[in-house]
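The values are calculated or read from the model by the stated rules, or taken from the named source; none is laboratory data. Owing to the predicted nature of the structure, the values given are computational and were not obtained by experimental measurement. Neighbour counts are summed over all protein chains in view; Cβ atoms, including those assigned to glycine, are modelled from backbone coordinates with ideal geometry.
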Amino acid sequence: MPIDVTDATFEAEILERSAQVPVVVDLWAQWCGPCRTLGPILEKVVAETAGKVELAKVDVDTNPRVAATFQVQSIPAVFALSQRKVVDRFVGALPEPAVREWVASLVPGDSEVDRLVAAGDLASLRRAVELEPGNERAVVALAGVLAGSDARADREEALALLARIPETPESRHVAAQARLGDEAALVADGVETKLDSLLPRVKAAEQARQEFLDLLEVLGPDDPRTPRYRKALTARLF
C-alpha cells in the first residue's frame, strides 16, 4: 500500500525510509488528470516488487514544502530516492510498460555489501562498512556484533558506529545493548530488582536514568513489564 506523506512526515517516511529501501515519490494533486492516470499504474507496479521498492504519495496542494524541496514545476512528477538521495525521476504520465521498466531499474540486486552483510561474521561486516560507511544496514549489523562482545572497547566502537547514522528502532536497541554490556543479561533474570533499585535515582542521576531506559529498550515493547516501568519512570521525572 502506498504511504500518504505530508510536510510533517517527509523526513521519516521518505528520507529515512530510503536508507532502507528505494522509495518512489509520486507528487500529484486532485485536479490533475494525468495524475489520476499515472497513480494506479505506479501503485500496481510498485506493489509487484513485493516490498523491494516502496511508494509514497504527496498531494502538492496541501504539502507545499515537499513540492518545494523537489523543485516541482509540473505534475505528475515522480522521484526515486535511495540512501536519502534522488537517484532518478520523470515528469508526466508514462505508459505502464515504461513505468514498469523504470521501477525495475530501482530494485536492488545482491551487491558485494549485501553479500558481506548476509555473511554476518565480524570480518565481513567490517569490510561492508569499509566499502559503504553510510550503509545503515551494514553499520547496524556490525554494531550488533560488537555490542555483544565482552570487551568494553568493542562496545564503545559499536556506539561510535551508531552515532554516524540516523537513529532507528533497530539502532536504538543495539545501542542499549552496547551500553548495558554484562547488565543486559539481567533482562533474562533479575531485571525487576535492577529496575526497582534504579528508579529512586532516575531523576537526579543521568547515568541511572539511561541504564533504566536501556533495560526497558532491551526488554522490548511487547514485554508486559515495559509499559509498567515506563509509567513509573514518568511519575518519577514529572
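Before moving on, here are some points about what is shown:
- Residue ID - surrounded by the most Cβ atoms within 10 Å (Cβ to Cβ), chosen from residues in the stretch 80-127 that are under 25 Å from Ala12 (Cβ atoms) and of a type in the set (Gly, Ala, Ser): Ala80
- Breaking point among (1) touching a Pro at 6+ places or on another chain (Cβ under 6 Å); (2) free of Cβ contacts under 8 Å to residues at least 12 places away in the same chain; (3) among the aliphatic types (A, V, I, L, M), for Leu55: (2)
- Some residue of the stretch 166-174 being part of a helix (DSSP H, G or I) and of a type in the set (A, V, I, L, M): yes
- If you go through the stretch 143-159 and keep only what is touching a Lys or Arg at 6+ places or on another chain (Cβ under 7 Å) and either buried (at least 17 other Cβ atoms within 10 Å of the Cβ) or not assigned by TED's automatic domain parsing to the domain that holds Leu125 (or both), you end up with Leu146, Ala147.
- Arg137 out of contact with any Asp or Glu (no Cβ under 8 Å at 6 or more places or on another chain), in a helix (DSSP H, G or I), touching a residue at least 12 places away in the same chain (Cβ under 8 Å) and closer than 21 Å to Ser82 by Cβ: yes
- Beta carbons closer than 9 Å, at least 6 apart along the sequence or on distinct chains, pair a first residue in the stretch 62-75 that is in the same structural domain as Val25 (by TED's automatic domain parsing) and of a type in the set (A, V, I, L, M, F, W, C) with a second that is part of a helix (DSSP H, G or I) and modelled with pLDDT of 90 or more for Val66/Phe10; Val66/Ile14; Val72/Val66; Ile75/Pro34; Ile75/Cys35; Ile75/Ala67.
- Residue pairs meeting the criteria (Cβ under 7 Å; at least 6 apart or on separate chains; first in the same structural domain as Lys194 (by TED's automatic domain parsing), in the stretch 207-235; second basic (Lys, Arg) and assigned to a helix (DSSP H, G or I)): Ala208/Arg201; Gln210/Arg179; Asp214/Arg179; Leu215/Lys194; Leu216/Arg230; Glu217/Arg172; Leu219/Arg225
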